[in-house]
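Remarks on the structure that follows.
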Amino acid sequence: MYVIFGAAGNVGHSAAQALRAAGHAVRAVVRSPAQGETLARMGCQIALADLDDEASVRRALDGAQAVQMLCPVAHRADDPAAAMLRMIGNAARALRSCPQAHVLAVSDYGAELDAGTGITLLYRELEARFKEAVPRLTLLRSAEHMQNWGRVLPVAMASGHLPTLHYPLDKKFPTVSAPDVGTAAAQLLLEGHDGKGVRVVSVEGPQRYDVNDVTRMLGEVCGRDIGAYAVPRDDWPAVLLRSGMSRKLADLIIETNDAQNDGRIDAQPGTERRFGTTGLDEVLAALVSAAGAR
């Protein structure tokens, strides 16, 4: 049985779909029955669990031969770092109950760095805790998801200006479509693990882009001129707080983007590399189409 946590999200859904297409039994772990409806139609067994509830995680893991684990950033929590670390601890303790299973943990570019990386530093902790708990572990480090541009898409479409914390605007950065991460995860789960050490794999899209590429492609999709607006560094805290996020989450995001802009967050040299097939233009077209349908 392949057990997929976070199966309702882009990454988890894609992994479950790929494993089912390959003819394997999949247990899709979701937090509510409604989230499992599409997955059930796909032929998945549905399990209800929450990473805040260690007992429910243990139940979902029962009989697992392979597990995809994803611990999300708790964006709505008062203290997102503390909330995510709590989920990581619950997951790591629960995984000790199935030492025979091959566990693939979705991590982040830059998780090998030990300071000054904001959200990415939380994934360093995830990797450390899982290394202690899991004998057969694959770490799939993902570049920034292309789908994140959907958060500022309404502003760009309304104003003609795409706000960004990426700087400089002509600096290429790694990015990947979230479903491609799930496809890579499924492939790695199917490959198995030889039990010899931790396998570290980095995944990004077929090419790198800069913000000027993003605005050009977005303009082509929208049929209008879209310009890039690099939010001044001094304005970042106020802009993020106005978007409705907590100060602690804003601080994490600021630190992460500073590290990215400094060039510190990237694929770790020497790790295995995988590349998705979905281009940014495809993702932007889908985001614009979805926005228009709402």
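The values are calculated or read from the model by the stated rules, or taken from the named source; none is laboratory data. Since the model is a prediction, treat every value here as computed from it, not as a measurement. Heads up, the Cβs are rebuilt from the backbone with ideal geometry, glycines too, and the neighbour counts pull from every protein chain shown. Please note that ligands, DNA and RNA were not included when accessible areas were found on the heavy atoms of the full protein model with its side chains. Shrake-Rupley method; radii C 1.70, N 1.55, O 1.52, S 1.80 Å.
One table, with the values for the structure above:
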{"quantity": "Two-site FRET efficiency, ALA230 against ALA291, from Cβ-Cβ distance with R₀ of 30 Å, rounded to 0.05", "calculated": "0.85"}
{"quantity": "Segments 103-111, 274-282 sorted - mean Cβ within 10 Å per residue, highest first", "calculated": "103-111, 274-282"}
{"quantity": "Sulfur and carbon atoms: percent of accessible area, the stretch 25-117 [1.4 Å]", "calculated": "49"}
{"quantity": "Local electrostatic count at LEU39 - Lys and Arg +1, Asp and Glu -1, tallied over other residues with Cβ under 11 Å", "calculated": "+2"}
{"quantity": "Per-selection Rg to Rh, the chain - Cα, Kirkwood hydrodynamic radius", "calculated": "0.96"}
{"quantity": "Heavy-atom accessible area ranking, 1.4 Å probe, most first, across TYR167, TYR2", "calculated": "TYR167, TYR2"}
{"quantity": "Gain in span if fully extended, GLN65 to SER246, counting 0.36 nm per residue against the direct Cα distance", "calculated": "61.3 nm"}
{"quantity": "Mean Cα-pair separation over length for the chain, i.e. relative contact order, pairs under 8 Å, 6 or more apart, %", "calculated": "19"}
{"quantity": "Highest-first arrangement of 168-179, 190-201, 141-152, 63-74, where packing means the average Cβ count within 10 Å", "calculated": "63-74, 141-152, 168-179, 190-201"}
{"quantity": "Fraction of beta bridges assigned by DSSP in the chain that are antiparallel (%, nearest 5)", "calculated": "5"}
{"quantity": "Among SER14, PRO72, ILE88 the positive-end extreme of the charge dipole of the stretch 9-129 (Cβ point charges)", "calculated": "SER14"}
{"quantity": "Accessible solvent surface per residue of the stretch 1-107, calculated while the other protein chains remain in place, 1.4 angstrom probe, Å²", "calculated": "42"}
{"quantity": "For the stretch 114-208, accessible area per residue (1.4 Å probe, heavy atoms of protein chains only), Å²", "calculated": "40"}
{"quantity": "Eligible lysines near LYS131 by straight Cα distance, threshold 24 Å, same-chain separation 8 or greater", "calculated": "LYS196"}
{"quantity": "Debye, to nearest 20: dipole size of the stretch 42-154, +1 on Lys, Arg Cβ, -1 on Asp, Glu Cβ", "calculated": "280"}
{"quantity": "Solvent-accessible area, 1.4 Å probe, carbon plus sulfur percent, for the stretch 236-280", "calculated": "51"}
{"quantity": "Positive minus negative residues near LEU140 (Lys, Arg vs Asp, Glu; Cβ under 13 Å)", "calculated": "-2"}
{"quantity": "Residues in the stretch 264-294 that a label on ALA21 would reach, taking backbone N under 14 Å of a point 7 Å out along Cα→Cβ", "calculated": "276-278"}
{"quantity": "Test item: Cα-centred dipole of the chain, Lys/Arg +1 and Asp/Glu -1 on Cβ, debye", "calculated": "720"}
{"quantity": "Whichever aspartates and glutamates have a C-alpha closer than 19 Å to that of LYS171, once near sequence neighbours (fewer than 8 apart) are set aside", "calculated": "GLU144, GLU204, ASP210, ASP213, GLU255, ASP258, ASP262, ASP266, ASP281"}
{"quantity": "For the stretch 170-294, alpha-carbon Rg over 2.2 N^0.38 Å", "calculated": "1.28"}
{"quantity": "Label zone at ARG208 (point 7 Å along Cα-to-Cβ), backbone N below 20 Å, the stretch 148-176", "calculated": "148-149, 164-176"}
{"quantity": "Normalised convex hull volume, the stretch 1-135, alpha-carbon set, Å³ per residue", "calculated": "104"}
{"quantity": "Order by protection proxy (mean Cβ within 10 Å, highest first), peptides 122-129, 203-210", "calculated": "122-129, 203-210"}
